[in-house]
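Remarks on the structure that follows.
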């Protein structure tokens with residue numbers, strides 16, 4: 001059974017409250033005389049949607065009466081005056097408007113529709129819905145409702161399946177139907193799903209009498225009857241169909257969970273339940289407490305459930321795929337960071353130097369993203385509790401077990417209080433290995449060229465033939481310029497220079513050797529940390545030299561360690577998307593194994609939050625851990641959150657906008673757990689996370705803050721805003737409030753030699 005209970009943060013947009021049906025229980029449908037206009041205007045719709053987006057919603061639920069133009073001339077006239085032939089045509093236009101202007105994902109709940117209308121809505125609405133309610137054709141409640149015939153409802157359900165529409169349906173109980181009627185409806189839904197796989201959730205909704213309706217004096221569906229039906233639905237429906245019941249129609253939503261639901265449906269922070277306006281939505285925090293008391297996590301989702309969002313080619317029209325992706329986390333749930341998520345709109349920048357190639361225009365999101373200047377939410381410290389599979393993995397690690405791919409994936413998918421429990425164990429392991437010392441290295445980044453022949457889809461730094469007018473001017477530092485920068489770094493107390501750049505078309509393997517010699521000639525004692533697995537592999541290839549021999553020559557020229565960058569995600573299915581012409585997973589692993597074999601050290605990095613999922617993260621850890629078991633050559637694990645703002649793959653609408661903060665916390669904490677006994681140092685990249693974020697991570701398994709990074713350009717080129725350098729004093733301000741001791745280190749985690757430092761605080 002599910003480890004979580006989901007809900008969709010939404011706004012409720014009543015497009016029209018006119019309807020040609022007259023159901024005996026409904027107060028949503030109104031007569032024209034009771035409404036200021038037959039339909040909400042585009043301006044009114046946008047006002048609601050923008051307020052919802054600002055409040056952190058992800059869904060725009062369009063609810064409306066069925067075909068009001070067939071009953072009311074005023075509705076037909078209103079539509080015709082604006083160029084629409086039907087309510088559905090207007091709905092399609094408004095869904096697109098909300099998508100474009102707010103990014104909210106429309107869910108169209110338009111009732112029984114033709115196949116053509118369903119197809120039109122599929123282009124603008126990631127999911128659609130229609131309640132079956134009941135298949136009993138003789139219910140008094142439906143005598144005035146021509147759209148509520150079993151034939152029309154079942155036909156709509158089937159057409160949705162044929163069109164591969166993620167669909168929400170359900171039954172309304174307590175309106176005069178029998179238990180057998182309920183069974184018949186549930187079995188019909190199950191049969192349709194078994195044929196097409198399209199039913200994402202089934203709602204079991206209890207009838208509540210309302211004043212002013214034909215059924216105002218009928219008894220409400222009892223709680224016991226509701227719970228019995230939920231249990232019945234769970235038995236009849238296929239296991240992959242989610243089961244929902246509205247939390248505002250019962251006094252104790254916890255009973256719904258106990259009966260078998262795993263979803264609360266849409267819950268709005270700003271709009272009424274217009275179908276049941278007398279029943280306010282429960283507060284999210286109260287629902288969270290109810291869910292967590294049952295050992296589960298309350299998780300926000302999108303209009304579609306993850307099973308559908310993670311298979312977009314089948315279930316989503318091209319027009320809505322990116323909108324869904326843009327609001328997704330790595331598990332295809334909704335992003336759960338606090339704040340607004342608006343669509344990003346960009347324009348080309350005429351001159352941006354080494355910064356981002358584009359300028360964002362329009363309304364800005366307020367949620368945290370990697371590289372942004374927004375503060376992340378506080379997840380650590382927090383109440384910690386884990387049950388079930390997460391607890392089993394944590395207990396196994398405590399007992400000395402080494403977690404495998406499946407177990408690491410379980411940890412990466414943690415939610416709610418499980419996150420703090422994982423962070424807690426990670427911090428205990430950190431304390432046992434590293435004590436209370438937080439380390440850093442004084443270093444300088446030297447990005448010697450921004451010209452590159454490779455086409456990594458995530459890179460906002462490099463320039464190639466297709467980007468000569470972007471990202472400033474192409475440049476290539478001379479060896480004399482590199483040497484000058486090394487001497488400057490040395491004067492400021494640096495013990496390391498980090499050398500990375502593009503793969504220039506004019507380079508042969510001798511270039512990297514010459515750079516090493518130039519650095520060592522300038523400052524013989526400085527540590528040369530440089531050249532990714534891609535650079536050394538390409539250098540050896542261009543010289544037609546075996547890689548071990550080339551690495552040996554680099555070591556003799558002064559190289560001492562390799563950065564782990566170019567790893568990205570060590571899974572070739574992902575590399576085919578984000579860096580198709582780069583070295584493969586095995587080539588990256590081989591390069592580092594060979595480097596360790598000739599006496600060089602290196603680190604492990606992972607770039608996460610673009611297109612991959614938690615299983616890929618788990619495989620990455622296990623593959624590098626296995627290599628570490630053979631060589632012992634890795635010094636640290638450095639997670640690098642994807643910075644999306646100027647990344648080509650994001651600008652082409654093919655990637656998420658980086659990881660969520662929960663995913664960032666988990667990557668560092670699970671990294672500590674996964675590498676325990678193998679790699680002792682876990683580093684936080686302050687340039688991508690900010691110092692406030694780094695402080696939380698120091699309480700989740702991290703013991704190292706990396707380097708002072710004078711002249712960091714690569715993250716900045718992708719859109720990061722955290723600056724190009726940091727001082728030791730600023731590091732101290734991060735560690736002292738949490739009771740840690742700051743200590744300078746060398747690249748290989750030794751103690752730097754004592755020497756006079758000029759203006760060290762400026763680094």
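With the condition being within 25 Å of the chain's Cα centre (by Cα), at pLDDT 95 or above and buried (at least 19 other Cβ atoms within 10 Å of the Cβ), I'd like the helices (runs of 4 or more DSSP H) fully within region 5-105 carrying at least 2 qualifying residues.
In region 5-105, the matching helices (runs of 4 or more DSSP H) lie at 42-54, 87-102.
What are the residues in region 680-697 that are assigned to a loop (DSSP other than H, G, I, E, B), crowded, with 24+ Cβ neighbours inside 10 Å and either modelled with pLDDT of 95 or more or out of contact with any strand residue (DSSP E or B) (no Cβ under 8 Å at 6 or more places or on another chain) (or both), if any?
684
Results for (1) free of Cβ contacts under 8 Å to residues at least 40 places away in the same chain; (2) buried (at least 19 other Cβ atoms within 10 Å of the Cβ); (3) over 20 Å from residue 132 (Cβ atoms), shown as yes or no for each residue.
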position	(1), (2), (3)
217	yes, no, yes
223	yes, no, yes
231	yes, no, no
237	no, yes, no
244	no, yes, no
251	yes, no, yes
255	yes, no, yes
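Any chance you could count how many residues in region 295-308 are in contact with a strand residue (DSSP E or B) (Cβ under 8 Å, 6 or more places away or on another chain) and not in a strand (DSSP E or B)?
Total satisfying the criteria: 8.
Which pairs turn up if I take residues in region 556-571 that are on the phi > 0 side of the Ramachandran plot and in contact (Cβ under 8 Å) with a residue 60 or more places away in the chain and look for partners that are in a loop (DSSP other than H, G, I, E, B) and surrounded by fewer than 24 Cβ atoms within 10 Å (Cβ to Cβ) with beta carbon separation below 7 Å, at least 6 apart in sequence or on another chain?
568/579
Could you tell me which of the residues 281, 315 is more than 22 Å from residue 368 (Cα to Cα), crowded, with 17+ Cβ neighbours inside 10 Å and without any contact (Cβ under 8 Å) to a residue 60 or more places away in the chain?
Exactly one residue qualifies, and that residue is 281.
Can you pull out the residues in region 168-201 that are assigned to a strand (DSSP E or B) and within 30 Å of the chain's Cα centre (by Cα)?
Within region 168-201, 168, 169, 170, 199, 200, 201 meet the criteria.
Only one residue in 59, 43, 73 is touching a residue at least 24 places away in the same chain (Cβ under 8 Å) and assigned by TED's automatic domain parsing to the domain that holds residue 99. Which one?
So the residue among 59, 43, 73 that is touching a residue at least 24 places away in the same chain (Cβ under 8 Å) and assigned by TED's automatic domain parsing to the domain that holds residue 99 is 59.
Going through 404, 427 one at a time, which residue ends up being surrounded by fewer than 16 Cβ atoms within 10 Å (Cβ to Cβ) and modelled with pLDDT of 95 or more?
Only one candidate qualifies: 404.
Please work out if residue 519 is in contact with a helix residue (DSSP H, G or I) (Cβ under 9 Å, 6 or more places away or on another chain), part of a strand (DSSP E or B) and modelled with pLDDT of 95 or more.
no
Could you count how many residues in region 158-195 are under 16 Å from residue 121 (Cβ atoms), surrounded by 23 or more Cβ atoms within 10 Å (Cβ to Cβ) and either touching a helix residue (DSSP H, G or I) at 6+ places or on another chain (Cβ under 9 Å) or without any contact (Cβ under 8 Å) to a residue 60 or more places away in the chain (or both)?
Final tally of qualifying residues: 5.
Take the residues in region 723-752 that are free of Cβ contacts under 8 Å to residues at least 12 places away in the same chain and part of a helix (DSSP H, G or I); name whichever of them is nearest to residue 440 (Cα to Cα).
Among those residues, the one meeting the criterion is 732.
The values are calculated or read from the model by the stated rules, or taken from the named source; none is laboratory data. Only a predicted model underlies this, so the values are computations on that prediction, with no experimental measurement involved. Glycine also receives a Cβ, built like all others from the backbone with ideal geometry; neighbour counts cover every protein chain displayed.
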